[in-house]
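Before any comments, here is the structure.
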Amino acid sequence: MFEFLFKYPASVFSKGTFVLLGSWPKWILFCGIFGIGALFAFVMWRRGGRRLPSMGLSRTAVLWLLQSLTIAVLLLLLWEPAISITALRPQQNLVAVVLDNSRSMNLNDTGEIREHQAVDLLKSRLLPDLTKRFQVRLYTLNAGVQRVQHLDGLSATASATQIGTGLRQLADEAATLPMGAVVLLSDGADNSRGIDAQTMAELHRRRLAVNTIGFGSEKLSNDVELERLEVPAHTLAGSRLEAQVTIRQRGFSGKRATLVVTGDGRVFASRQIELTNAPEQTETVEFNAAKPGVMNVEAKLEPLAGEENVANNRRTRVLAVDGGKRRILYVEGEPRWEYKFLRRAVEDDPAIEVVSMLRTTQNK
């Protein structure tokens with residue numbers, strides 16, 4: 001019935017924007033509606049004053065409202081009202097097809113490897129349908145997006161998936177390309193903190209629609225995931241460090257797991273942890289920095305019996321170890337006890353050198 005009365009379905013009106021195509025200014029329309037409404041009220045008051053007691057105030061108001069609405073609709077038609085809706089023109093717009101190639105896409109939890117399902121869908125149905133109407137660009141997604149020319153030879157080996165970063169890159173490309181939509185094929189496993197508000201605003205500003213196709217189970221029934229590893233980016237050789245490890249788990253509450261921190265083939269720390277039922281569990285592991293240089297610090301959880309996905313049990317961060325001393329300039333305006341104890345505390349520390357400027361008396 002709605003489409004019969006208004007020509008288009010309700011979805012068009014909900015997504016579209018009401019516009020006036022007439023060349024006359026809009027303020028004339030509003031002034032005309034207000035002016036004619038006021039004129040009708042004045043005429044009814046002057047000519048109908050004697051009949052007002054018999055008609056009643058409510059009937060007079062209804063009559064004035066109907067007359068005013070009729071004139072308002074007629075005036076609105078003169079300004080040519082229309083619905084403006086955004087649509088992609090055939091072969092004049094780009095569609096970015098993004099395939100997640102992280103390690104989690106190698107899982108086989110629904111009878112077929114996730115990446116194989118995605119590639120089969122692209123080759124059999126999705127790409128043929130899209131290329132009939134749009135220009136198509138293929139991308140892979142891991143820590144960002146990278147453009148590829150074809151699907152042959154792709155392997156899901158990336159160690160991370162950052163959907164927000166990838167979408168931000170595509171939004172930046174849309175500034176110079178006629179990109180109208182994004183089709184994202186992923187299992188949804190994201191190693192970042194999600195899509196930030198700035199990226200969402202940029203996608204909305206570019207009118208870049210993101211369509212998603214999911215693969216794999218929504219939730220694994222038995223899985224332990226090492227979600228984040230946080231270590232300082234720089235440190236001194238031989239100093240004591242703390243690694244913050246964030247863990248998620250399903251189906252292993254109360255179980256014990258082994259958390260190991262390694263770097264360049266050496267085991268820095270290893271200890272047993274008890275998995276809790278909290279949404280996130282953070283563990284702190286202390287270890288000593290190794291010799292100077294740049295190294296990869298890796299935290300990993302040893303696989304548990306019955307775990308469905310062991311590819312998400314490790315995270316790696318880069319750590320730069322400086323072999324030189326940290327020089328500190330200490331300036332003090334008068335002798336204090338703190339100065340004495342500070343010097344005593346650091347004099348045997350091989351990583352710190354303190355140079356002091358101390359005023360003992362006036363002008364000295």
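The values are calculated or read from the model by the stated rules, or taken from the named source; none is laboratory data. Small disclaimer: the values here were computed from a predicted structure and weren't measured. Here the Cβ is made from the backbone with ideal geometry for all residues, glycine too, and neighbour counts use every protein chain on show.
Some observations on this one:
- Each residue in segment 169-189 was checked for being buried (at least 19 other Cβ atoms within 10 Å of the Cβ), within 14 Å of the chain's Cα centre (by Cα) and within 28 Å of Ile247 (Cα to Cα), and 2 of them qualify.
- In a residue-by-residue description of segment 123-140, the property of being in contact with a helix residue (DSSP H, G or I) (Cβ under 9 Å, 6 or more places away or on another chain), surrounded by fewer than 19 Cβ atoms within 10 Å (Cβ to Cβ), among the β-branched types (Val, Ile, Thr) and closer than 25 Å to Lys219 by Cβ applies to no position.
- Scanning segment 208-227 for residues that are exposed (fewer than 12 other Cβ atoms within 10 Å of the Cβ), more than 12 Å from Ala189 (Cβ to Cβ) and either among the aliphatic types (A, V, I, L, M) or modelled with pLDDT under 85 (or both) turns up just one, Ser221.
Conditions tested, residue by residue: (1) of a type outside the set (A, V, I, L, M, F, W, C); (2) assigned by TED's automatic domain parsing to the domain that holds Lys123; (3) touching a Ser or Thr at 6+ places or on another chain (Cβ under 7 Å).
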position	(1), (2), (3)
Val148	no, yes, yes
Asp152	yes, yes, no
Gln169	yes, yes, no
Ala209	no, yes, no
Ala233	no, no, no
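- Considering segment 245-265, and only residues there that are modelled with pLDDT under 90 and of a type in the set (S, T, N, Q), the residue that is surrounded by the most Cβ atoms within 10 Å (Cβ to Cβ) turns out to be Gln249.
- Among the residues of segment 334-364, those identified as assigned to a strand (DSSP E or B) and of a type outside the set (Asp, Glu) are Ile352, Val354, Val355, Ser356, Met357, Leu358.
- Val331 within 27 Å of Ala233 (Cα to Cα) and either in the same structural domain as Gly238 (by TED's automatic domain parsing) or not in a helix (DSSP H, G or I) (or both): no
- Checked against (1) more than 28 Å from Asp129 (Cα to Cα); (2) in contact (Cβ under 8 Å) with a residue 60 or more places away in the chain, Ser217 passes all but condition (1).
- Among the residues of segment 239-296, those that are among the hydroxyl-bearing types (Ser, Thr, Tyr), more than 28 Å from the chain's Cα centre (by Cα) and outside any strand (DSSP E or B) comprise Ser239, Ser253.
- Only residues that are under 14 Å from Leu358 (Cα atoms) and in contact with a Pro (Cβ under 7 Å, 6 or more places away or on another chain) were counted in segment 310-342, giving 0.
- Screening the candidates Thr246, Thr157 for the property of being in contact with a Ser or Thr (Cβ under 7 Å, 6 or more places away or on another chain) and among the polar types (S, T, N, Q) yields one hit, Thr246.
- Check on His150, surrounded by fewer than 20 Cβ atoms within 10 Å (Cβ to Cβ) and part of a loop (DSSP other than H, G, I, E, B): yes
- Residue in segment 172-185 that is touching a Lys or Arg at 6+ places or on another chain (Cβ under 9 Å), of a type in the set (Gly, Ala, Ser) and without any contact (Cβ under 8 Å) to a residue 60 or more places away in the chain present: yes
- Every condition in (1) touching a residue at least 60 places away in the same chain (Cβ under 8 Å); (2) surrounded by 15 or more Cβ atoms within 10 Å (Cβ to Cβ); (3) of a type outside the set (Phe, Trp, Tyr) is met by Ala290 except one, and the failing one is (1).
- Answer residue from segment 18-41, given it is closer than 15 Å to Leu78 by Cβ and over 47 Å from the mean Cα position of the chain (by Cα) and is surrounded by the fewest Cβ atoms within 10 Å (Cβ to Cβ) among those: Gly35
- Index of the failed condition, Thr86 passing every other in (1) at positive phi; (2) under 25 Å from the mean Cα position of the chain (by Cα): (1)
- Selection status of Gly265, among the small types (Gly, Ala, Ser) and over 20 Å from Val318 (Cα atoms): no
- Single residue of segment 340-364 satisfying the filter (surrounded by 11 or more Cβ atoms within 10 Å (Cβ to Cβ) and not aliphatic (A, V, I, L, M)) that is nearest to Arg326 (Cα to Cα): Glu353
- Residues in segment 71-122 that are surrounded by 15 or more Cβ atoms within 10 Å (Cβ to Cβ) and basic (Lys, Arg) were compared, and the one that is farthest from Gln135 (Cα to Cα) is Arg103.
- Annotation for segment 156-163: at least one member residue is assigned to a helix (DSSP H, G or I) and closer than 14 Å to Asp187 by Cα.
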